[in-house]
1. Let me see the P(r) profile for the stretch B:176-249: every Cα-Cα distance counted, bins of 10 Å, each bin given as a percent of all pairs.
2. Could you compute how fast the stretch A:22-119 diffuses translationally, taking Rh as the Kirkwood radius over C-alpha pairs and applying Stokes-Einstein at 37 °C with viscosity 0.692 mPa s? Give it in µm² per second.
3. Helix-derived [θ] at 222 nm for chain B: sum -39500 (n - 2.57) over DSSP H runs of at least 4, divide by residue count, nearest 500?
4. Gap in Å between the Cα centre of the stretch B:223-286 and the Cα centre of the stretch A:64-93?
5. With a 10 Å radius around each residue's Cβ, average the other Cβ atoms per peptide and rank B:236-249, A:42-55, highest first.
6. Taking a quarter of the surface of the Cα convex hull of the protein assembly as shown, what do you get in nm²?
7. Simple spin-label model, 7 Å along Cα-to-Cβ: residue A:118 to residue B:260 in nm?
8. Angle check, please: helix B:9-24 long axis (alpha carbons) against the longest principal axis of chain B (alpha carbons), in degrees 0 to 90, nearest 10.
């Protein structure tokens, strides 16, 4: 039983200790927000992740309802925030847009996802 | 290309740059709990279909068992799983049990150890589907018999599946965070029955009885609603930490003996609860509700701390130990 308690304390310490490495990058929030309705065309799509990203292997693509890519294919990581990925978009007409992302955190774990936003007049 | 070509400084520089870029860009690692965009947590009462490096420690179960007298059972268990080959994990687990009857000293001891080999044989990212097969070896004789540990081994070949509902149409957005995982296994004991020999003290006559060990269908389901998925893929509803990382779920952990006089008597528990999943670990707690009076009459509780070893120690565990 004492042995178990020692292991338990060690496990608890492991869980509560400050970050010791890196992990999967999850979407923290996005601009435009996930599933949002907006009235003005965004200049860019920005996604904040929970981990620092590997710039070469991370990307965002934006598609319109006809599945045509409408971003400017200039994905880059923000200079001041290594967990913020951005891509510029051309002025968009009203419609529904799909944002598809695939990122690799600096420890090489891959995560993917997609969400939509709607531009209304 | 010939060796002499490397005498060209331009070509050599290009080759060097290519080699450097190949070694500097890390190869991506796909890891625990993902099928496409879907993150599945490690379920608590039933097994999940993922081959991954992870540690469940501790899992604490507390429930009062029926009987005369009824006993209060607490089980403290640990389970470690390591990705040994691509899509193949080996895990070992054991538990320490404390049984306490009223006015009696507590009985303590280990459960039988279990070894499991699991192989993910199909994954469809678009439809968030994963299926696996595995076999569990309940190692007979490694636990304390007086606490109910079997003296014989049991082998349980099992089919595992997971399905996320992110592919539902846009007209059903609030159902897209739903996911289902499940298992279907056949627990085959290596001994058909246990012989008990007792002697009548007055006559001295020996009586032999046999307790059957039936083959048992072990089946489990876990229905999950991921607030992580809701926030990341469907709609940012403004949930803040720690709520945005919660996965409410209900698990069904059931057993149905199939033969040897015990056929058809299903027992099991329904376990509603919640899991919080962070970057490196998850914690979960569930109520344990017996499905019928054969299982018991008392409410129990199960709680688990679970570590994602591949995230905590990526240099060791983000890749399989052996890659052919």
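Read-outs: derived from the displayed coordinates by stated rules, not from any lab. The structure displayed is predicted, hence computed values, not measured ones. Neighbour counts are summed over all protein chains in view; Cβ atoms, including those assigned to glycine, are modelled from backbone coordinates with ideal geometry.
1. 16, 22, 15, 14, 13, 11, 7, 3
2. On the way: Rh = 13.3 Å.
Diffusion coefficient, whole number: 246 µm²/s.
3. Details: 3 runs with 24 residues, N = 324.
So the calculated ellipticity at 222 nm is -2000 deg cm²/dmol.
4. Measuring centre to centre over Cα atoms gives 35 Å.
5. On the way: B:236-249: 15.2, A:42-55: 18.8.
With the highest mean Cβ count within 10 Å placed first, the list reads A:42-55, B:236-249.
6. Values: hull surface 119.4 nm².
The directionally averaged projection comes out at 29.8 nm².
7. A separation of 6.0 nm, rounded to one decimal place.
8. That works out to roughly 20 degrees.
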